[in-house]
Amino acid sequence: MDYQADAIDRVIKNAIQVMEDSKYQMFEILETSRDELVSLNQELKQVLKETTETLEKVDQLELNYRRSRIRLTEVSRDFVRYKEEDIKQAYEKATQLQLDLMIYREKEMYLKARRDELQKRVRSVENSVERAESIGSQMGVVLEYLSGELGQVSRIIESAKNRQVIGLKIILAQEEERKRIAREIHDGPAQLLANLVLRTEIVERMLVKQEFKMVQDEIVDLKGQVRSSLEEMRKVIFNLRPMALDDLGLIPTLRKYVHDFEEKSKIRMLFETRGKEHRLSSAMEAAIYRLVQEALTNAAKHAYPTYVLVELTYQAQMVKIVVQDNGLGFKVELLEQKSKDHFGLIGMRERVELLEGRMEIESAENQGTKIIIHIPTNVEKRKE
């Protein structure tokens, strides 16, 4: 036992040293990224300022150019009042204004392109800073664990091994969920809101030019985009925690989700229930909902089916879930190799095991897939 403790001590010390070195390198990367972010934001601020000034200059030049054209037409028609020198000056002024307008329009296009490029780089560096901070935080937690008292290592290994594994899985699941939510917000509401900002700038310019008819049309379009943004936000909120799950229960919420999934994926869906429906605990209903959600997402992403059946059966002390599709299928034995294409199914199996249930998978290449899950509903009543 003493030899094992010494060996564990050496391993922990080596791991701590590696983690300390990596943490210092991560800190350098983080500081470099922060400096770059500050520099990019300053440059972006300057470009935005120049863009605004250039837009105002273009508007003024357009107005002056239109006036100069009117003046040139007026001078060219009236040979009695104006001399040849007046015509020449009017022509040269109009030509110069046209040249200036072309130059500033080119500058406007360049500044807008530069602004868009800088905004993309800022978002990219912000993501890098966020990832570096997250990794640094995780490394700090690991170092804290590794730096604990060595005399407790054996006891921790023997008595809390399963608890640590479960805890890590929960943390990983939380991180994956946060990434998914961040992607949904970035790709949906954030993009729509960014577009709204640009459209309001256009409306503002139209108001300055008193093009009220175009402003009215633009506002109608903006109203539609605001509605789309609101709908996207509601979808994100629903995915976080469907409120209908608490208000209406599992079956109505699943029925709505399956219906929405059918409309979104264009896959024909069939949802059936068997047995006497009854309410389960909030945590149990949420777990079953997530399992069905994950199964349908995996099917659409990897199996490319045209038809999916979801069947929920209530038994005395058990809930049986069946999700069957007519998609591509796969070799079930590949699950044991933990291929990246099957991480979703592996995660589902781990969730089912945490609920003290069991999951069976029947599949073959080009013969579809059938997932059968049995979850005991009396688990929460047992004493741990």
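The values are calculated or read from the model by the stated rules, or taken from the named source; none is laboratory data. Predicted model only: the values in this text are computed from it and were never measured. Note that we place each Cβ from the backbone using ideal geometry, even for glycine, and neighbour counts take in every protein chain shown. Ligands, DNA and RNA are excluded from the accessible area calculation, which covers all protein heavy atoms including side chains. Shrake-Rupley method; radii C 1.70, N 1.55, O 1.52, S 1.80 Å.
Of the residues that sit in segment 294-320 and are farther than 19 Å from Ser265 by Cβ and β-branched (Val, Ile, Thr), which one is surrounded by the most Cβ atoms within 10 Å (Cβ to Cβ)? Step through it out loud before you land on a result.
Residues of segment 294-320 farther than 19 Å from Ser265 by Cβ: 312-320.
If we keep only those that are β-branched (Val, Ile, Thr) too, we end up with 313, 319.
Working: Thr313: 14, Val319: 23.
So, considering only residues that are farther than 19 Å from Ser265 by Cβ and β-branched (Val, Ile, Thr), the one surrounded by the most Cβ atoms within 10 Å (Cβ to Cβ) is Val319.
Which residues, counting only those in segment 57-89, are over 28 Å from Glu211 (Cα atoms) and small (Gly, Ala, Ser)?
Ser76
State yes or no: is Ile16 surrounded by 14 or more Cβ atoms within 10 Å (Cβ to Cβ), assigned to a helix (DSSP H, G or I) and at pLDDT below 75?
For Ile16, the condition - surrounded by 14 or more Cβ atoms within 10 Å (Cβ to Cβ), assigned to a helix (DSSP H, G or I) and at pLDDT below 75 - is met.
If I go through segment 269-285 residue by residue, how many of them are part of a helix (DSSP H, G or I) and crowded, with 17+ Cβ neighbours inside 10 Å?
Qualifying residue count, segment 269-285: 2.
May I ask you to list the residues in segment 261-276 that are touching a Lys or Arg at 6+ places or on another chain (Cβ under 9 Å) and among the polar types (S, T, N, Q)?
Thr273
With Leu291, Leu334 as the choices, which residue is part of a helix (DSSP H, G or I), open to solvent by less than 80 Å² (accessible area, probe 1.4 Å) and at pLDDT below 85?
Answer to the selection: Leu334.
Please verify whether segment 261-268 includes one or more residues that are assigned to a helix (DSSP H, G or I), open to solvent by 20 Å² or more (accessible area, probe 1.4 Å), within 20 Å of Gly368 (Cβ to Cβ) and of a type in the set (Gly, Ala, Ser). Step through it out loud before you land on a result.
Applying the first criterion (assigned to a helix (DSSP H, G or I)) to segment 261-268 yields 261-265.
Those left that are additionally open to solvent by 20 Å² or more (accessible area, probe 1.4 Å): 261-265.
Now narrow it down to the ones that are within 20 Å of Gly368 (Cβ to Cβ): 261-262, 265.
Then keep just the ones that are of a type in the set (Gly, Ala, Ser); that gives 265.
Yes, segment 261-268 contains a residue that is assigned to a helix (DSSP H, G or I), open to solvent by 20 Å² or more (accessible area, probe 1.4 Å), within 20 Å of Gly368 (Cβ to Cβ) and of a type in the set (Gly, Ala, Ser).
Listed here are the residues, each with its yes/no results for (1) closer than 30 Å to Val197 by Cα; (2) touching a residue at least 40 places away in the same chain (Cβ under 8 Å).
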{"position": "Glu74", "(1), (2)": "no, no"}
{"position": "Arg77", "(1), (2)": "no, no"}
{"position": "Val80", "(1), (2)": "no, no"}
{"position": "Lys88", "(1), (2)": "no, no"}
{"position": "Tyr91", "(1), (2)": "no, no"}
{"position": "Gln96", "(1), (2)": "no, no"}
{"position": "Asp100", "(1), (2)": "yes, no"}
{"position": "Tyr110", "(1), (2)": "yes, no"}
{"position": "Arg115", "(1), (2)": "yes, yes"}
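Within segment 67-84, track down each residue that is of a type in the set (Ser, Thr, Tyr) and modelled with pLDDT of 80 or more.
If the condition is that a residue be of a type in the set (Ser, Thr, Tyr) and modelled with pLDDT of 80 or more, then Ser68, Thr73 are the ones that fit.
Of the residues Arg81, Arg115, Arg77, which is basic (Lys, Arg) and touching a helix residue (DSSP H, G or I) at 6+ places or on another chain (Cβ under 6 Å)?
None of the others qualify; the one that does is Arg115.
Could you please tell me which pairs satisfy a Cβ distance under 6 Å, a separation of 6+ or placement on different chains, a first residue in segment 121-149 that is closer than 12 Å to Phe27 by Cα, and a second residue that is modelled with pLDDT of 75 or more and surrounded by fewer than 15 Cβ atoms within 10 Å (Cβ to Cβ)?
none
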